[in-house]
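Structure record follows, encoded as structure tokens.
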Amino acid sequence: MHKGFALWFTGLSGSGKSTLSERIYQRLVAAGAKVELLDGDEVRTHLSKGLGFSKEDRDTNVRRIGFVAELLAKHGVIAITAAISPYIETRAAVRERIENFVEIFMDCPIAVLAERDVKGLYKKALAGEIPHFTGVSDPYEPPVAPDVRVDSSTEDIAVSEERVWTLLKDRGLIPLSW
């Protein structure tokens, strides 16, 4: 029916990772796929509880998500992850472990993220009130060559969804009939 693979959404907080990954997840479920969604916030609550936001803890969190995604993919499940995963080296280590790894970079300028941030986290981080905020006071290393780059500040979500779906078909990861 389909291959097991990892669909890895990375990008800053508020860039649209959860929104786009949920749309792809729902579409795969509707097609009858075996699929699991590993959202970064949920994983931190259940799998990585107790980890902080140091580089080491962030790397541990990403490796844990990668380990679960790898196990799922080995057993024919599509593992969708939506996690900031800020460091290139850690994402590369996860990519090396998973045979079919697809990286989606949700790109969005900080100014736009701050504008659409209903919780005001970017405003606080930019004012120095939140330490270790990825993209402001902590680094985010964007992918050099993602499989798909989505500019979520300008691209319509339906267009982004279709670009990801087409890539999955083109790579033979899902049937062309989907």
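The values are calculated or read from the model by the stated rules, or taken from the named source; none is laboratory data. A quick note: this is a predicted structure, and the numbers were derived from the prediction, not measured. So basically every Cβ, Gly included, is an ideal-geometry build from the backbone, and we count neighbours across all protein chains shown. Heavy atoms of the whole protein, side chains included, go into the accessibility calculation; ligands, DNA and RNA do not. Shrake-Rupley method; radii C 1.70, N 1.55, O 1.52, S 1.80 Å.
If only residues of region 91-100 that are among the hydrophobic types (A, V, I, L, M, F, W, C) and part of a helix (DSSP H, G or I) are counted, the one that is farthest from the chain's Cα centre (by Cα) is Ala93. Of the helices (runs of 4 or more DSSP H) lying entirely inside region 101-178, those containing at least 1 residues that are among the polar types (S, T, N, Q) and in contact with a Leu (Cβ under 7 Å, 6 or more places away or on another chain) span 157-170.
Taking the criterion of being open to solvent by 60 Å² or more (accessible area, probe 1.4 Å), modelled with pLDDT under 95, over 20 Å from Glu141 (Cβ atoms) and not basic (Lys, Arg), the residues of region 19-58 that qualify are Asp41, Glu42, Thr45, His46, Leu47, Gly50. Taking every residue in region 156-178 that is of a type in the set (Phe, Trp, Tyr) and pairing it with any residue that is modelled with pLDDT of 95 or more, at least 6 positions away or on another chain, the pairs with Cβ-Cβ distances below 6 Å are Trp178/Ala31. For region 147-167, residues that are surrounded by 16 or more Cβ atoms within 10 Å (Cβ to Cβ) and among the aliphatic types (A, V, I, L, M) total 4. Looking at region 1-17, which of the residues that are among the hydroxyl-bearing types (Ser, Thr, Tyr) and farther than 14 Å from Glu103 by Cα is surrounded by the most Cβ atoms within 10 Å (Cβ to Cβ)? Result: Ser15. For region 70-89, the criterion of being of a type in the set (Lys, Arg), open to solvent by 10 Å² or more (accessible area, probe 1.4 Å) and in contact with a Leu (Cβ under 9 Å, 6 or more places away or on another chain) is met by no residue.
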